[in-house]
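> Before I ask anything, let me first share the structure, which is written out below as structure tokens.
The values are calculated or read from the model by the stated rules, or taken from the named source; none is laboratory data. Owing to the predicted nature of the structure, the values given are computational and were not obtained by experimental measurement. Here the Cβ is made from the backbone with ideal geometry for all residues, glycine too, and neighbour counts use every protein chain on show. Keep in mind that these areas ignore ligands, DNA and RNA; they rest on the heavy atoms of the full protein, side chains included. Shrake-Rupley method; radii C 1.70, N 1.55, O 1.52, S 1.80 Å.
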Amino acid sequence: MHKLKLAGLSIILALFTTVSSIVSLQADELDLSGKTVEFVIPFSESGGSAKWANFYAPLLGEALPGQPTVVVKFMPGAGSTKGANWFQDQSYEDSNGTLIFGSSGSTQFPYLLGDPRVKYEYSDWNVVLASGTGGVAYLPPDLAGMMNGMDASALAGTDFIWGSQGATRLDLVPLLAWKMLGMSVEPVFGIKGRGDGRLMFERGEANIDYQTSSAYLKSVVPLVENGQAVPMMTWGALDNNGNVVRDPTFPDIPSFKEVCDATPGCETSGEAWDAWKAFFIAGFPAQKMVFLPKGADQDAIDTYTKAFDAVIARPDFPEISAARLGMYPQMTGALAAASLNLGTQVDPVAKAFVINWLAEDYGVTLDN
Amino acid sequence: MDILVTAITALDEAVLLVLHPSQLLYLFIGVVLGLSVGVFPGLGGIAGLSLVLPFMFGMEPVSGLALMVGLIAVVPTSDTFASVLMGIPGSSASQATVLDGFPLAKKGEAARALSAAFASSLFGGLIGAIVLTFFILIARPIVLAFGTPEMLMITLLGLSMVAILAGRVALKGLAAACLGLLIGTIGEAGAGGSLRMATYDIPYLTDGIKLVIVGLGIFAIPEIVSLLRKDKSISEKSTLGAGWLTGVADWWKNIWLSIRCSVIGVIVGVIPGLGGSVVDWIAYGHAVQTTKDKSAFGSGEIRGVIGPESSNNAKEGGGLVPTLIFGIPGSGSMAIFIGGLALLGFDAGPQLIQNELSLTYTIVWSLALANVFGAGLCIALSGGIAKLTTIRFALLAPFLFMMISFAAFQSRQSLGDLIALFLIGVLGIFLKRFDWSRPAFLIGFVLSSQAENYSNNAHQIASFKFRRSLEQGFEYIASPIVLILLVITIVSVVIGIRQAKQIFSEGEMSTGKKTAPLIFLLVLLVYTTTALINAALIDLTSDKIFPVTISVVGIIALLILLIKMMMAPEGDIIFADSESGKEGHEAPYGLWGTLGWLGLLLLLTSLLGFILALGFFLLVYFRIRTRLTWPRVCFFTLLGLAFMCFFAYILNRDFPPGLLQELFKLPWPLT
């Protein structure tokens, strides 16, 4: 009797699961109506990633099926390593499309350099958007006046002071560029964000600085207009053949490559250049990416890709994004996957060069 | 003159915008939201602002602004409730309010303390707006004059308040402050990322301990436990004394103090990077120094409430200056404010003030108006809410345990938050018991990372400048502002040490046997020595120098105390131990049993997750500890659960998960 009952029960149960799985199969086109999507940013509320996420969140909410509310949730700590490690532990089934994560160049660099704190693995995640950006270095007018056209060799005798977030972060790209130009730049480590670096420049405590494009457009352009700062160079942009060319957002500012070419003693080939270029490519053209957690099915990836495509295709997108993000590629689908590859792989020779240089010049070791 | 004309024209436009009925409505909604969120200790404006941000996109700019500003403006007003009524510092801006506000509540004068605080808040907010209206036009060069050495000096000025709050034995205060500074260095160093008193095996520690946890642990838990042991109400008198009218009259009598503290608030708020953590201490110190009869401070002096409360609302106004002029937020809530502005299509920065002056003024004066609304509402409510202090405390305590656990968890959303809360709470209980100044500890903790960062940066920059030339170096570190601040700091330390003997933040103390105070001192000595060894092993100078220096100072202070203890006879004030006095003998319940209830809640949470644990905890507590009838037990339990779920749902907050949640996937709110 009991056995019969049990068998009956299990049949009913099996039927039920089949039916429900069929139903869920049909509902596979992700519908998020009435849901809240959490857009987790592993930084604080004031940085460039916050600006980028705040820009996209409402637009994405409109474009996703069911118009969910997209809220940006900040999870700062250990220069984004903490948030990324947390995201590594999330699986798609827990959130069913209501969780996305935004990483940045500062998430990629410790990963590339083999920082022991990194417990995340990019290849587990599913990229749905990749945004590029650029950066601009700038000087006080009197020092900028010492440059002979694009030749920076006259700057070699000046002591530069620069507010930096730390040598293993995105800041290593400018630091290495300046070193290659023969400039002696003393980084003051330990500032909390690039905004603080600019404030140090404005106060005259620092006499060189750089900002990523969105921050440059917003906060440094007014200084340039008032004659308090002069742009020195951009880090450039990548063309389709992988060459560093002028940044289309700043067509009037030379790229580091041009300045390096014009400066005797700086080489646009060889070990240092290769290392710089490798880390520039990892840090800027594919700087900020949006991921779905590991285990996401193709439907979810497609839904999000479509939504981001729709955002980028908005007629007003060029206008609103140019003002807040700059003119950089916003990539989805295969292009995004390609730039994820670019951003998370670096030539071992370049890596060894950078690790050695960090240890020699700044005493930074990565094997603690 | 030109400036004045532009200001007045823009002001004219702004007034019209601010007083538009629909803007007023949005502002009012913001105020009500802010008040409801702000009452919750540790949540503050950040949670509230994140709540409204999603609705901001596409809103009419001025309405959106009104909503946001309304919310920000009243958070430092409403967190006063927790400070005064429960001795919980609601946010970093109201730490100092606890010192005198809570003793007033214990005396049955909660309504007086609250309304005096709100009147001061209101006034501070208005003064802030008036000063800003003109200051914002000329602020840029002044703000730029504050470089790293100047910021360091202001941080030191904040730290110098330790002298005044050190308590009966100055060395104990110094040691407590050093301990606070050391606890503040736990985790990854800001400069080089070296680990201090932490390991990668415990990821929680690498990020350091957050202020919310320390505030709750050091102030709230010892107070709750001590009240719960006595099993009476918060107010020691059964009837409430002085009402809210007295409070407003108190504020009026001290209007000059209120004006001075408001100005302090604006000035400190204007400097980016300092945030709210020093301003209330500086204002409190000022209030003490300018009062003739200092004997009541720490045990219910109304001036100790008026000072900090006048400054903390004025500070929010001041904080707008770096936020708007430089696009650099002065605090977490200002950071989200910038985000909100961006959603409305405005970019904070110099161009905002040049091109959109009327909008800037709209922000400034919405802030003032929101202060009036908020404080007005709070004064009206304070008489009623003060009645909470007459309820039997045993009935309130479990809900307080519930609230602080939930609030603590919001800091990192990790179970580690709850463990840290409990451990810091135990430390707080001992600091209170043996009369080691808890305010001194808190000041040290709050200013630790600033003190380290600024001294590191200033040292780096100064040594570059000195390498260039001696003249440049001195020009950098000995600017007029630095020198003026230095003088103020020295004066404040000297006066402070002289006055400290009159200010007892822990009230009357009795002394007992030598053993217990001695053991606690030895424990502190072991910790500081471990911290010293740990720091000495770090390679990077930038990461080790600060903890090494602080722990050496701490160890010296502790060693002198140790020698003094060996020399002093039993009964000397150095052996203060509240357990040997009234509290220890008369309280019907023991210390550890009472703390055990909080331990039980946290332990259950780690197993079952917060909501299940809370239900179970409330049932057991109300049945066993307060011996209520079953219907009442069930009613109170459901009440607590419903409140928690409602609150978390509205704010879209998570609950601490436990072991159960790791094994099984449960639906909200059991997650």
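> Taking each residue of B:549-558 in turn, how many C-beta atoms of other protein chains fall within 10 Å of its C-beta, and what is the average?
0
> Other chains near B:457-464: what is the mean number of their Cβ atoms within 10 Å of each residue's Cβ?
If you average over the peptide's residues, the count of other-chain Cβ atoms is 4.
> Can you compute the FRET efficiency between A:Val349 and B:Leu600 using 1/(1 + (r/R0)^6), with r the Cβ-Cβ distance and R0 = 60 Å? Round to the nearest 0.05.
0.55
> To continue, here is another question. Can you list which of the DSSP-assigned H helices in chain A have a Cα extent of 15 Å or more along the long axis and an average Kyte-Doolittle score of at least 1.0?
Those that pass (Cα extent of 15 Å or more, hydropathy at least 1.0) are A:2-26, A:333-344.
> Related question: Along the positive direction of the dipole of segment B:131-289 (beta-carbon charges: Lys, Arg +1; Asp, Glu -1; about the Cα centre), which of B:Ile234, B:Tyr200, B:Ala177 reaches farthest?
B:Ile234
> May I ask you to derive the FRET efficiency for A:Asp274 and B:Gln413 from their Cβ-Cβ distance with R0 = 41 Å, giving the value to the nearest 0.05?
0.45
> Follow-up question, since we're still on this one. Taking the square root of 5 times each eigenvalue of the Cα gyration tensor, what semi-axes in Å does the equivalent ellipsoid of chain B have, largest first?
36, 32, 25
> Heavy atoms only, probe 1.4 angstrom, no DNA, RNA or ligands counted: give me B:Glu570, A:Glu258 ranked by accessible area, highest first.
B:Glu570, A:Glu258
> For a label point 7 Å from the Cα of B:Asp654 along Cα→C-beta, name the residues of segment A:277-301 whose backbone N is under 18 Å from it.
A:291-296
> If you don't mind, there's one more thing I want to ask. Placing one identical point scatterer on every Cα of the protein assembly as shown and ignoring solvent, what is log10 I(q)/I(0) from the Debye formula at q = 0.05, 0.07, 0.08 Å⁻¹?
-0.31, -0.63, -0.83
> So, with +1 on the Cβ of K and R and -1 on the Cβ of D and E, and no other charges, what is the size of the charge dipole of chain B about its Cα centre, to the nearest 20 debye?
For chain B, the charge dipole is close to 1640 debye.
> Out of A:Phe308, A:Phe74, A:Ile355, whose Cα points farthest toward the positive end of the dipole of chain A (charges: +1 Lys, Arg; -1 Asp, Glu; placed on Cβ)?
Working it through, the farthest residue towards the positive pole turns out to be A:Phe74.
> In addition: Could you tell me which residue out of A:Ala262, A:Asn341, A:Met327 lies farthest along the dipole of segment A:229-368 toward its positive end? Charges go on the beta carbon: Lys and Arg +1, Asp and Glu -1, centred on the Cα centre.
Value computed over the given set: A:Met327.
> May I ask you to derive the relative contact order of segment A:112-197, considering only C-alpha pairs under 8 Å and at least 6 residues apart, and to give it as an integer percent?
Relative contact order for segment A:112-197 comes out at 26 percent.
> Separation between the B:Lys210 and A:Thr36 pseudo-spin-labels, each 7 Å from Cα along Cα→Cβ, expressed in nm?
With each label placed 7 Å out from Cα toward Cβ, I get 1.6 nm.
> For segment A:164-208, how big is the tail of P(r) above 14 Å, as a whole percent of Cα pairs?
Result for the distance tail: 49 percent.
> Reported to two decimal places, what Rg/Rh ratio describes segment B:591-663 when computed on Cα atoms with Rh from the Kirkwood expression?
1.01
> Which percent, to the nearest 5, of DSSP beta bridges fully inside the protein assembly as shown are antiparallel?
Rounded to the nearest five, the antiparallel share is 60 percent.
> Could you rank the peptides A:321-334, B:373-386 by their average count of other C-beta atoms within 10 Å per residue, with the highest value first?
B:373-386, A:321-334
> Please list B:Phe643, B:Phe464 from largest to smallest accessible area, probe radius 1.4 Å, with all protein chains kept in place.
So, going from the largest accessible area down, we get B:Phe643, B:Phe464.
> If you take every DSSP beta bridge whose two residues both sit in chain A, what share of them, in percent to the nearest 5, is antiparallel?
Antiparallel bridges: around 55 percent, rounded to the nearest 5.
> Follow-up. Just to be sure I understand: of the beta bridges DSSP finds with both ends in segment A:135-283, what percent are antiparallel, rounded to 5?
Of the beta bridges lying entirely in segment A:135-283, close to 60 percent run antiparallel.
> Simple spin-label model, 7 Å along Cα-to-Cβ: B:Ser22 to B:Phe399 in nm?
According to this spin-label approximation, the distance is 3.9 nm.
> Here is a further query. Summing -39500 (n - 2.57) over the DSSP H runs of n ≥ 4 in chain B and dividing by its residue number, what mean residue ellipticity at 222 nm do you reach, to the nearest 500 deg cm²/dmol?
-24000 deg cm²/dmol
> Semi-axes of the equivalent ellipsoid for segment A:135-283, please: Cα gyration tensor eigenvalues, times 5, square-rooted, ordered largest first, whole Å.
Values for segment A:135-283, descending: 21, 17, 16 Å.
> Right, next: Note down the magnitude of the dipole of chain A about its Cα centre, charges +1 on Lys and Arg C-beta and -1 on Asp and Glu C-beta and zero elsewhere, to the nearest 20 debye.
Once rounded to the nearest 20, the dipole reads 960 debye.
> Same structure again: Using r as the Cβ-Cβ distance of B:Ile255 and B:Leu470, and R0 as 60 Å, what FRET efficiency do you calculate, to the nearest 0.05?
Efficiency at R0 = 60 Å is approximately 0.80.
> Take each of the peptides A:33-41, B:624-632, A:208-216, average the number of other beta-carbon atoms within 10 Å over its residues, and list them starting from the highest.
Ranking the peptides A:33-41, B:624-632, A:208-216 by packing returns A:208-216, A:33-41, B:624-632.
> Taking the simple approach of a point 7 Å from Cα along Cα-to-Cβ for both B:Cys645 and A:Glu267, what is their distance in nm?
Computed distance between label sites B:Cys645 and A:Glu267 equals 7.0 nm.
> Here is a further query. I need to check one value: relative contact order of segment B:2-536, counting alpha carbon pairs closer than 8 Å and at least 6 residues apart, in percent.
28
> For chain A, calculate the relative contact order in percent as a whole number, restricting contacts to Cα pairs under 8 Å that are 6 or more residues apart.
Reported relative contact order: 24 percent.
> Report, in debye and to the nearest 20, how large the dipole of the protein assembly as shown comes out about its Cα centre when Lys and Arg carry +1 and Asp and Glu carry -1 on their Cβ.
Dipole magnitude for the protein assembly as shown comes out near 3960 debye.
> Stretch B:Ile563-B:Lys387 to full length: gain in nm at 0.36 nm per residue minus the Cα-Cα span?
58.6 nm
> Taking beta carbons within 10 Å but only from partner chains, what does the mean come to for residues A:333-339?
0
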